[in-house]
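The values are calculated or read from the model by the stated rules, or taken from the named source; none is laboratory data. Please read these numbers as outputs of a predicted model, since none were measured by experiment. Using ideal geometry, Cβ is built from the backbone for each residue, glycine included, and neighbour counts are taken over all protein chains shown.
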Amino acid sequence: MILRELGSGLILDKPSGVATHTPDGGHTLGFLEMASKILDRPLWAVHRLDNGTSGCLLVTTSEKAVAEYSESLKSAKKKYIFISSRESKDSLWSVEGRIEKTGNHKFALVAGDSNSFTKFAKLGPCTLGFMYEAEINSGRTHQIRIHAQNSGIPILGDSEHGGDPFVRLMLHSHEIEMENSKTISPLPILFETTVPLPTKDSHKFLSSFDRRRFVMTSEKGNTNAFRLVHREWTKNKTPRLAVEKLGSVLHLMDYSNQTIQKEFIEEMARATQCGHWFVRNMNDREKIFSSNDLPPQWVIQESKVKFELKSNQGLSTGLFLDQRENRKRILENSQGKRVANFFSYTCGFSVVAALGGAHEVVSVDTSTQSLDWGKYNFTLNDLNPNQFEFFVADTEFFLKSSLKRRRQFDTIILDPPTFSRHKHGVFSLKKNFPEVLELAFESLAPKGTMLVTVNDETLSEHDLSCMIENSVQKTIKKLVRIQVSRPPYDFEFPLERESVMKGFWVSLEN
């Protein structure tokens, strides 16, 4: 994510498809806010890139330094690479003029003294048309886009300024030269591809994949499992796919019941450097289409923690990637704690709690098979599962039994399914979870913390918040601090007002 550090200045690698700042009144995060959270430091923008533009973005960690870096940027050379479907007759040329707002949030060249100057160079033909370089010192809104249109080579994907439709704006901030040094942002995959892609869906996939580059770079060496396509394609669009990179295996979740071309899948596998792939039909768990040499199980890494995944176990591979940030928080805050993980599945939270130095770790699930899988995850990380507790039990039943024994926990994790069957009956999120929540709060130790997450599109974040607050009022009747838990940015990158996974960290106040 960080391309170069310049004192208190940072040049970051911004992806396409996200505003520089938080847009629309704060409902969704901009890239600056995302980067600030990942890097765990405050950031201020020195300049801005359009939503669709990727590449070098200058920011600073000091608000007082914004003016200083803004001044330095005026004399810096800024080079952009873009693609147009049209060819210029010239090899080198320049455009200057006055750019002003002309109404309805649009900008254009108008009469008057020049306030913008761009030098253009034709680099040559490419797979998607013709590639060009644009160099600027000034930085008026939409400057390169307007000047390219004026030159008869509107940028591919820039429908606002005459460009042909495409999956993204094909404009990339490639290089900034300042303080006697050059900083280069690598070209996105779509710019570099030299082989004609088989379908438009291939373009869409490569665009989605590249949008996650900043997340994957920030986790490089620690994590090798990411969501590459989330709801870009599953929400009223085709193909209705979600895609994950799970180490060396590409996992496609098909929600459409339509035949997916093998050529398309293999193109995705090559782009992601995955040696294996499989497609799981999410409406029929028995239908799996895969590469010939797909392993039945393999190991991935997350925050340097190892987990075994499987391709032939229901609708999940064994680890829910949208909980990555929550597992990291448990890992970093479990020293000496008593931790209970309910609906534990393959015990991902339990493993990180144990690695984080928890005094006790309890895993509860109705499936013996899942808990055995979880025990193997313990051994993968050089943990002896015999030193921890595993119970094949219904969560509600276990909590009632614990309360009778006056057993309490410092950290409780509740990540229930929407619906499940067990030997005591049926669990329904909306019907049974409120009582489970009440029992959990009664089992929470003073100053304890609870993580509550659900994956149910019919239950809103507000609904879950009310459910938690009602449970608090009925049971402990103490002040609590509630903090929203968001999924990692590879999930909700097509920024939405509400994610599929809703979650809250609930902490008891003193």
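Is it the case, given these coordinates, that residue 184 is in contact with a strand residue (DSSP E or B) (Cβ under 8 Å, 6 or more places away or on another chain) and at pLDDT 95 or above? The answer is yes for residue 184. Scanning segment 443-502 for residues that are free of Cβ contacts under 8 Å to residues at least 12 places away in the same chain and on the phi > 0 side of the Ramachandran plot yields a single hit, 477. All told, residue 48 falls short of being among the basic types (Lys, Arg), part of a loop (DSSP other than H, G, I, E, B), at pLDDT 95 or above and surrounded by fewer than 19 Cβ atoms within 10 Å (Cβ to Cβ).
In the condition set (1) surrounded by fewer than 16 Cβ atoms within 10 Å (Cβ to Cβ); (2) at pLDDT 95 or above, residue 200 is compliant with all but (2). Among residues of segment 311-340 that are among the β-branched types (Val, Ile, Thr), those with a Cβ under 6 angstrom from a residue that is surrounded by 16 or more Cβ atoms within 10 Å (Cβ to Cβ), sequence gap 6+ or separate chain, pair up as 317/309; 330/349; 330/352; 330/353; 339/353; 339/358; 339/361; 339/411.
Only one of the numbered conditions (1) within 30 Å of residue 129 (Cα to Cα); (2) of a type outside the set (Phe, Trp, Tyr); (3) out of contact with any strand residue (DSSP E or B) (no Cβ under 7 Å at 6 or more places or on another chain) is violated by residue 5, and that is (1).
Test residue 150 against the stated conditions and say whether it is in contact (Cβ under 8 Å) with a residue 40 or more places away in the chain, surrounded by fewer than 23 Cβ atoms within 10 Å (Cβ to Cβ), more than 21 Å from residue 15 (Cβ to Cβ) and assigned by TED's automatic domain parsing to the domain that holds residue 81. Here the answer is yes, as residue 150 does meet what is asked. The residue that is farthest from residue 306 (Cα to Cα), counting only those in segment 263-288 that are modelled with pLDDT of 90 or more and surrounded by fewer than 17 Cβ atoms within 10 Å (Cβ to Cβ), is 266.
Selection of segment 310-366 for residues being part of a loop (DSSP other than H, G, I, E, B), under 20 Å from the mean Cα position of the chain (by Cα) and more than 28 Å from residue 294 (Cβ to Cβ) yields an empty set.
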